Amino acid sequence: MKNLHYKDFFWNSDLTCTGGYDAIIQYLNDGKRVCKEVEEFMKARASIEEKYAKDLLGLSKKVCGHNEMNSLKRSLDVFKLQTEHVSLSHLQLAQNMRDEAKKLEDFREKQKEARKKIEQQMDALHKQKASQFKKTMDSKKTYDQKCRDKEEADQNMNRNTNNTKHMEKLYSKAQQAKQNADEADRLYQQNVATMGKTRDDWMKEHIKACEMFEKQSVERINFLRNTVWTHLNQLSQQCVTSDELYEEVRKSLEQCNIQEDLEHFVNLRRTGDKPPAAVVYENFYSGQKSPTAAPPSRLPPPITRRGPLPEPTQNSRDTLYSTVQDAGYSLIQFI
């Protein structure tokens, strides 16, 4: 299939019309606007990456697992360190994006300057062409009018053949009309020739401009495509970089040994390997310990009934005390 080119498809049948050229300029302006939009998009994305990186960096500085110990603490330290590295990689990504946006801006400005010279030259040619076309058309009108005046003078002279003096006047008038017609014809032909040269010059420059504009379109499309491609490569590389950094955390977690951490805690904080002795019951009144080491209970001791009081004797001076279990206890008895 034959390639289509600007120089073959942006002409107009009207010599003064600039529709084809204007269509190309509109397309180039739209392309410049697209470059600006992509540039602003990448700058905005870089700002987002930078903010994310700074927030992530701040997060990596926060306390996390400070009181943990041994292998899990080492893993948590690696986790924080790699989080910091991820944040730094995002900062670098933001800078790379800004660099690419700057390249796009420079490219856009370079094309703008190159186009400016061509557009100024073409605008001057368009004005020159329009001015010369108007002058040529005006000279044609003058030429046509002078030719009609000449014909009318010739007809008047041919119709009046009786009066010699009048004939001379008509003849002189006809001669003047002929001279005027000849001068108008000469001026008209001169303007047509100038118009032809102006048209040729304009066509040559139009072709050059079309070729230059087409080249810019090719460069712009290629540059934009490569810029977006590079942008995506940067994002993909960031994912790879982040995954590599996170892999270091996973490797550290694989080395985290639960039993080792438990043993480390035991060895570091152990307080003794013997339990405390059992608490035995001690009777306040008897001063003797209970034979059984039953733990004290919050419940009151069981109530038992006292046996019959012993018969008093004359020889006994012993004093009897009641225990806490004696429900009928009332006083101390003396014999």
Any pair with Cβ under 9 angstrom, 6 or more apart, that starts in region 78-91 at a residue that is farther than 14 Å from E50 by Cβ and among the small types (G, A, S) and ends at one that is open to solvent by less than 20 Å² (accessible area, probe 1.4 Å) and part of a helix (DSSP H, G or I) = none
Region 190-204 - residue that is within 14 Å of D138 (Cα to Cα) and in contact (Cβ under 8 Å) with a residue 60 or more places away in the chain and, of those, surrounded by the fewest Cβ atoms within 10 Å (Cβ to Cβ) | T194
For region 169-185, state whether one or more residues are more than 27 Å from N12 (Cα to Cα), under 60 Å from the mean Cα position of the chain (by Cα), charged (D, E, K, R) and part of a helix (DSSP H, G or I).
-> no
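Every residue, every condition in (1) of a type in the set (D, E, K, R); (2) surrounded by 12 or more Cβ atoms within 10 Å (Cβ to Cβ), yes or no:
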position: L104; (1), (2): no, yes
position: R108; (1), (2): yes, yes
position: E113; (1), (2): yes, no
position: K117; (1), (2): yes, no
position: Q121; (1), (2): no, yes
position: L125; (1), (2): no, yes
position: K146; (1), (2): yes, yes
State the number of residues belonging to region 39-90 that are surrounded by fewer than 14 Cβ atoms within 10 Å (Cβ to Cβ), in a helix (DSSP H, G or I) and of a type outside the set (K, R).
-> 7
From S139, S131, residue being of a type in the set (S, T, Y), within 28 Å of N191 (Cα to Cα) and in contact with a Leu (Cβ under 9 Å, 6 or more places away or on another chain) = S139
Any idea which residue in region 148-162 is farthest from A177 (Cα to Cα), counting only those that are part of a helix (DSSP H, G or I) and open to solvent by 60 Å² or more (accessible area, probe 1.4 Å)?
-> R159
Quick check, is N226 within 30 Å of S87 (Cβ to Cβ), in a helix (DSSP H, G or I) and free of Cβ contacts under 8 Å to residues at least 12 places away in the same chain?
-> yes
Output for region 205-229, where each listed residue is open to solvent by less than 50 Å² (accessible area, probe 1.4 Å) and more than 23 Å from L125 (Cα to Cα) = R220, L224, T227
Could you list, in sequence order, all residues of region 173-189 that are open to solvent by 70 Å² or more (accessible area, probe 1.4 Å) and either over 12 Å from S139 (Cα atoms) or free of Cβ contacts under 8 Å to residues at least 12 places away in the same chain (or both)?
-> K173, Q175, Q176, K178, Q179, D182, R186, Q189
So N267 clears everything in (1) open to solvent by 100 Å² or more (accessible area, probe 1.4 Å); (2) within 48 Å of the chain's Cα centre (by Cα) except one condition, right? Which one?
-> (2)
Between residues in region 135-146 that are within 16 Å of R199 (Cβ to Cβ) and residues that are aromatic (F, W, Y) and open to solvent by less than 50 Å² (accessible area, probe 1.4 Å), which pairs lie under 8 Å by C-beta distance while being six or more apart or on different chains?
-> T136/Y188; S139/Y188; K140/Y188
Identify, please: which residue in region 1-36 is polar (S, T, N, Q) and assigned to a helix (DSSP H, G or I) and is, among those, most open to solvent (accessible area, probe 1.4 Å)?
-> Q26
In region 241-269, how many are under 20 Å from S60 (Cβ atoms) and either assigned to a helix (DSSP H, G or I) or acidic (D, E) (or both)?
-> 13
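The values are calculated or read from the model by the stated rules, or taken from the named source; none is laboratory data. All figures in this text were calculated on a predicted structure; none of them were measured in a lab. Cβ sites come from the backbone with ideal geometry, for glycine too, and all protein chains shown count toward neighbours. In case anyone asks, the SASA skips ligands and DNA or RNA and just uses the protein heavy atoms, side chains included. Shrake-Rupley method; radii C 1.70, N 1.55, O 1.52, S 1.80 Å.
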